[in-house]
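The values are calculated or read from the model by the stated rules, or taken from the named source; none is laboratory data. Fair warning: this is a prediction, and the values are worked out from it, not measured in the lab. Glycine also receives a Cβ, built like all others from the backbone with ideal geometry; neighbour counts cover every protein chain displayed.
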């Protein structure tokens, strides 16, 4: 499945870039300060966080990881929420983890493998494309594809993902 992972590549293009996550670590959304500006000192509106280290980065690479299933991604995100103290156990975190996995999957599906991205609040922009490839889709166009991918898991309720039984 397509994922976003931390990368130090293209760091420094913006003076406020940072990469505290480990290279290649799967990343997802983190908490955000309510009044933070995209270029504010916290960085929460321009970064994603690693699921293992729970440290943030402002640059991420799109990768295909066939060994990672949708269930694996949801579990990784849920475990990161628990390790960070946001939830007591993985089952409590699963609904929010599913939403995050859906968002990350939709973004990754919008770009070709190897594309390096940056985040500007809710927008994701390619900083570097793989050899002569251009991104073709907007992440919103991939929301349904991401939902279908995650719906392959029998334990996920269709209502949680906002789709009908006929989908």
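Side notes on the structure shown:
- Test: residue 93 is crowded, with 20+ Cβ neighbours inside 10 Å and under 14 Å from the mean Cα position of the chain (by Cα): no
- Pick from region 48-73, criterion part of a loop (DSSP other than H, G, I, E, B) and in contact with a strand residue (DSSP E or B) (Cβ under 8 Å, 6 or more places away or on another chain), ranking: nearest to residue 27 (Cα to Cα): 51
- Residue within region 20-32 that is under 22 Å from residue 114 (Cα atoms), at pLDDT below 95, outside any helix (DSSP H, G or I) and in contact with a strand residue (DSSP E or B) (Cβ under 7 Å, 6 or more places away or on another chain) present: yes
- When every residue of region 53-62 is checked against the conditions, none turns out to be more than 28 Å from residue 15 (Cβ to Cβ), at pLDDT 95 or above and surrounded by fewer than 24 Cβ atoms within 10 Å (Cβ to Cβ).
- Residue 38 vs. criteria in a loop (DSSP other than H, G, I, E, B) and within 19 Å of residue 123 (Cβ to Cβ): yes
- Checklist (1) surrounded by fewer than 16 Cβ atoms within 10 Å (Cβ to Cβ); (2) within 22 Å of residue 32 (Cβ to Cβ) applied to residue 110, failing item: (1)
- Residue list for region 100-159, filter: at pLDDT 90 or above and in a helix (DSSP H, G or I): 100, 101, 102, 103, 104, 105, 106, 107, 108, 109
- Test: residue in region 48-71 that is free of Cβ contacts under 8 Å to residues at least 24 places away in the same chain and within 25 Å of residue 130 (Cα to Cα): yes
- Filter result for residue 58 (out of contact with any helix residue (DSSP H, G or I) (no Cβ under 6 Å at 6 or more places or on another chain) and under 18 Å from residue 125 (Cα atoms)): yes
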